[in-house]
Structure formats: C-alpha cells, structure tokens
Amino acid sequence: PQKTSFHRSQTLDYRNGCAFFRLPTVGIGGEQLHVNQLSEAELDELSSIRPTLTYGQAKRAPPSDFIPAYVAFDKKILKFDAYFQEDVPLSAEEHYRIRQVGIYYYLEDDSMSVMEPVVPNSGLPQGKLIRRQRVPKNEHGDHFHWKDLNRGMNITMYGRTYRIVDCDPFTQVFLQSQGIELNPPEKMVFDPYTELRRMPLRKYITPSDFDQLKQFLTYDKQVLRFYAIWDDTNSMFGEKRPYIIHYYLADDTVEVREIHEHNDGRDPFPVLIKRQQLPKTFVDKKTTFPSCVLEISDQEVLEWYTAKDFAVGKSTTLLGRPFFIYDCDEFTRNFYRDKFGITDFQPVDIRKKPLEEVPQVIPPYNGFGFLEDSLQNCFSLLPKPPRKDVIKMLENDHKVLRYQVALESPNPEDRKRRFILSYFLSNDMISIYEPPVRNSGIIGGKYLGKTRVPKPGSTTENATYYEPSDLTIGSTVEVFGHRFVITDADEYVLNYMESNAESFPAATLQSLRDHFRPRQVVKDTAISDSPIPETRKQELDELIVQVQEELKLHNYLNNRNIQEEFHQRDKDGSGILDKGEFLALCNSLNVPTSNVLVNKV
C-alpha cells in the first residue's frame, strides 16, 4: 500500500541520435533491481580493458590462406604391392593359391581400395576386390591411416590378410618425408601352380618288354567269368548278394556286375565296378591317400590283379569289398586247366540253410471271447476273424434242437428248476433259457447266451465242443462248471436225427426212440379207442399219482374250479384237450406245470 508508482521502467533511449537498449535499474513500484547490475568481477575487468574500450581492438596480421585436404592431396595416391594366400580344398593338383594385388591409399579422403590384375583364362573373379572406401581397422570404429601402412607387414581387411612386400617411389618418398621409417622390401611370392603350368611338359618314353598289342590280338573277346557272393551280414540290414566277376584277358581289366531277381526291391543298376584295372598292392599307401578320388597310376601301385589271383573257393578283395568265388563257367575252367594246370573246380554250395523253426507257444485261454477268435491275436498283429462254414450255416439256418434239462445241485430248491437247452445246428452254439415259474422265488429268463460249450477235459490246443450226438436222454452236460441232466427233448429232435441217421450214432438215436415210445403208444391208443394193455395201465396210474402229488404241493389251488373249467373246455366230452389249449388253461388258473409231466401225459 506504500507503493505509488506501478509503471515499468523505460528501457529505450536515444544518444547522439541513435536508439539503443538499456537494462532497467528499478522495477514496479520503484524497487531497486540487483539482477541487471554489474558484479565486482565485471567492474574489475572493465577497469583493466579501459584502453581497448577507448581506442578499440588492435589490428592483427591476416591469417594465411586455408587449403583443404582434397585440394592439397588431390590425385596423390600411395600404392603398395601385396599378395594373399587362398586355400584350394577340392583340388588334387594344388592345395593353396597365391594371388597378387595392389593396395591403393587415397590421401585426399583417407580411403583405400584393393585391385587385382586381371589374368586371362584364370577362371577367377578378378579386378576390384575392395571398392574405394574407408576401411575399418578394429571394432572400436577406427579406420586405417597411412601411418599404419609399411613394407614387410600383414594387414587384415574384411577377414582377409594381405602381405605388403613393396611400394612405389612416390609412396616411399612421402612416407620418409613424414618421418616414417620404412622396412626393407621383400620379394613377391608367385603362385606355384601357375609357375608349374608355365613349365614345358616332360614326355616320358619308356620301352616296354611286354607286347600289349600281341596280348590284345591273342585274347581279344576272351573273358573269364566267375560267380561270386558278397557277404555283408555283419552290418545292419546286410545280406548275401550274388555278383558276376568278368576278367578281360585282352587288357587285364576287371568288371563286377550285379545279379537282380524279380521283386528283389533294388534299383536295376547293372554294374557295381566298371571295367578297369584293379590294384592289388600299393607301393606305400598312406591313410591320407585319397584313393577314391584320384586316378591310380603305376607309380602308386606295386602289383595289379591278374588272372592267377582268382580261384574257385577263395575270397578276393576288390576295392575293399570281399568277394567269395564259388563257381565259374566252362571257358574259365578250360583256360585255367591249359594255362596254370589247375584241375580242381569243385563248386561251393552257398544255398541258405533253412532257419530253425521255433515252436510257437500258445498262451492259455483267458476266457474272453470265443477261443478261435482270441487265438487269432497270437498269429497276427491285425487279427482276422476265423473262417466260418458258410455252407453249413445256409443249410442249417433256423434249425434248433431243444432239450429240457434239470440242474444237478446239492441245493433242493435248485433241483426243481427246469431249463430249455437249445442247440443251434448252424454254428454249433448252445443257449439255456429258464422258463419263469410264479411264486418260485427265482427270476427266470436267459441263463446262458449263445456260445460254444467245450467238453470236460478239453484244452486250448485240442478243443472239443458238445455236438448233437452227445445230447442223449439222461446224459449230463457240464456247462462252465454247472451240470445239467437232459430229461426231455422235442419231437423235432427225433425227426431230425431219423432223417439224418447216418450223421448220428445209433445209441443217441435209440435213446430218443425209447424216450418217445410211451408217448407214441398213448397217442395210438387214444386214436384207435382200443383197451389199454395192463403194463400201459400201470404206467398211466403211476403218472396220475405223480400229477396228484405235484398238485398237493400247492394248497392254494381249488380243485373243484379246475375240474369245472376242464369240463367246460371239453365240449364234445372226449376227455382230450390240445396241448396248447391245456397249457393256456393251466396258466389262466395259476396251475404250475412241469414240462416233464406234461410231456409224459
């Protein structure tokens, strides 16, 4: 509130008619500003340069004219003679190659280039090896300078090492003028293979004591043929392979041909070793000698294979592979007999020995599935279903032999149970069904599904199953540990066996006839109304007593109502009812029926 002046200080002023800028000394409200004032050090400096402020800056001599490097060193180049060594890995005539180059250093921009003189017909990409550029010296970003170059030293550029041997006179004068001590010059190294090519070829003319022309004229088109085998069973997936060895007498060359058979799974290459001279003994064979790449001459071989090196029954090694000669042709036998006096040409038997059969052990049956079906898993990884007798299935389709069986059991409740055993003639399978009986406390229904039932004492190696000839009245059938006694059968069983009597034993057929004979007598008696014989009358009385005893076991039955119902059904008063009508009437009256007693009645 004590401030009365709030305007900004004037900073524009005129002196000698010229406008100039001055720094403000006071701020708003007239407060003194210390920011724009000179310090003590600045005031001392001003006091010391008062003459300069009064008379001005003293004049200095003008500097000399500046000459840039691209003008001073224009077209000035340092040239060094050098070479580098290059490996030749895939050549038998040279192991390395010497290539001469020229290294050029341009003083105007410190760049370098490497040039190789072009040699006609060299087959190499020559000329400019490194284009003009600043060549890096190390990984720190430094570049090569002319101070780093000298004679008799190695220089590495982009992974290739060059040997500097000399330089031109200008380069020598320039480096010496700069105070660099030059090494003594070296001789340029030349390429040995190029120098060898420049030498004149030497011709060797060696007189021969063997007349090759005579040999050719005498033995032309005469070939010794040997049958050999190469045993390669020691290696993985190896085998014995047959070959034919041809020895040409005209020029002592050997050829090995392959023998192919139909569907042998091999490519049809006819020749294993082409016709050539094969070395037997080398002069001094080293392990590093590349015998499979270079052509072998007489200088490396001490002895070649001849006709005397092949014989029947002996093994011969050709190019590292052993061949066993087991036979030869007739011309070869005659040649050896006349030339060398050999008479033993017994061929060697090379047939394969039959393999020892290993008995196949069948594991025990585990109870799952059918025996024949489970047995297929022991013969193949992809089991096939066993073959079925289709003719038998078609001839006996829907033909079923039914028997009534009783269960043998120490339990008295199980002895009264009755079952229907069905034998299917189409596939020899058996099924067992238990008819449901009311108020018996046992749930009836399927007791055994369709399956083949083996006989007692049957094994997996020699399995025997129940057949229709084994099912006789009174015989016992053992089904997986349960014993059943056959008590009755359908009349169709007797009719079928009588129509095919030649397929069943006489004892089986006679047991069925004896079982059905009382029924046939009763039927014939009822039809003819003739008096019943005394023996039949006794059997009928015994049957009536059995029926009455069976009915007495069921106290809930009303005998009077049962008698009235039977009289009502017997409309003609004959005393005879149809079997189906009789069973339906008993079912409606809740009268338990025993199949054995019903069949006897």
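The values are calculated or read from the model by the stated rules, or taken from the named source; none is laboratory data. Since the structure is predicted, the reported quantities are computational estimates derived from the model, not experimental observations. Neighbour counts are summed over all protein chains in view; Cβ atoms, including those assigned to glycine, are modelled from backbone coordinates with ideal geometry. When the accessible area is computed, the model is the full protein with side chains, heavy atoms only, and any ligands, DNA or RNA have been set aside. Shrake-Rupley method; radii C 1.70, N 1.55, O 1.52, S 1.80 Å.
Kindly express, to the nearest 10 degrees and within the range 0 to 90, the angle between helix 534-552's C-alpha long axis and the longest C-alpha principal axis of the chain. Here the helix axis deviates by roughly 60 degrees. 3J(HN,Hα) along segment 428-438, derived from phi through the Karplus expression 6.51 cos²θ - 1.76 cosθ + 1.60 where θ = phi - 60°, amounts to 6, 9, 10, 10, 10, 10, 10, x, x, 10, 5 Hz, with x in place of Gly and Pro. When all protein chains stay in place and ligands, DNA and RNA are ignored, the 1.4 Å accessible-area order of Phe210, Phe324, Phe84, Phe170, largest first, is Phe210, Phe170, Phe324, Phe84.
The long axis of helix 330-339 is offset from the longest Cα principal axis of the chain by roughly 60 degrees. The distance between label points at Ser235 and Lys392 comes to 5.4 nm (points 7 Å beyond Cα on the Cα→Cβ vector).
Determine the calculated [θ] at 222 nm for the chain from helices alone, applying -39500 (n - 2.57) to every DSSP H run no shorter than 4 residues and normalising by the residue count; nearest 500 deg cm²/dmol.
Rounded to the nearest 500, it is -7000 deg cm²/dmol.
Pairs exceeding a 25 Å alpha-carbon distance, out of Lys416/Lys579; Lys203/Lys274; Lys308/Lys353; Lys353/Lys384: Lys203/Lys274; Lys308/Lys353; Lys353/Lys384.
Each of His95 and Asp541 was given a label point 7 Å from its Cα along the Cα-to-Cβ line. The distance between the two points is 13.1 nm.
Whole Å is fine, so just give me how far the alpha carbon centre of segment 447-483 lies from that of segment 381-413. Centre-to-centre (Cα) distance: 10 Å. Among Lys79, Lys3, the order of accessible area from largest down is Lys3, Lys79, computed with a 1.4 Å probe on protein heavy atoms. If you take all other residues with their beta carbon under 13 Å from the beta carbon of Glu108, and give Lys and Arg +1 and Asp and Glu -1, the sum is +1.
Under 5 Å between amide hydrogens, built in the peptide plane, is the criterion, and for His143 it picks out Lys137 among residues at least 5 positions away or on other chains. Subtracting the Cα-Cα distance of Val348 and Val88 from 0.36 nm times their residue separation leaves 88.5 nm of extension gain. A crude spin-label estimate for the pair Asn263 and Glu40, with each label 7 Å from Cα along the Cβ direction, gives 12.0 nm. Once the Cα atoms are used to define both axes, helix 559-569 deviates from the longest principal axis of the chain by about 90 degrees.
As a length-normalised measure over Cα pairs under 8 Å and 6 or more apart, the relative contact order of segment 69-197 settles at 25 percent. Segment Asn561..Leu382, full-extension length gain: 57.7 nm, with 0.36 nm per residue of separation and the alpha-carbon distance subtracted.
FRET efficiency for the Thr156 to Arg132 pair, using the beta carbon distance and R₀ = 22 Å, is estimated at 0.75. A Cβ-based charge dipole, computed about the Cα centre of segment 70-198 with Lys and Arg at +1 and Asp and Glu at -1, lands at about 240 debye. Based on the alpha-carbon gyration tensor of segment 212-340 and its eigenvalue square roots a ≥ b ≥ c, which shape applies: rounded if a/c is under 1.5, prolate if not and a/b is larger than b/c, or oblate? Oblate, because a/c is 1.5 or more while a/b does not exceed b/c.
Assuming a ≥ b ≥ c are the square roots of the Cα gyration tensor eigenvalues, decide whether the chain counts as rounded (a/c under 1.5), prolate (otherwise, with a/b larger than b/c) or oblate. Oblate is the answer for the chain, as a/c is 1.5 or above yet b/c matches or exceeds a/b.
Between Leu553 and Asn366, the contour length at 0.36 nm per residue exceeds the Cα-Cα span by 62.8 nm.
Heavy-atom accessible surface of segment 363-515, averaged per residue, reaches 62 Å², computed with a 1.4 Å probe.
Separation of segment 131-202 from segment 1-51 is 71 Å, based on Cα centroids.
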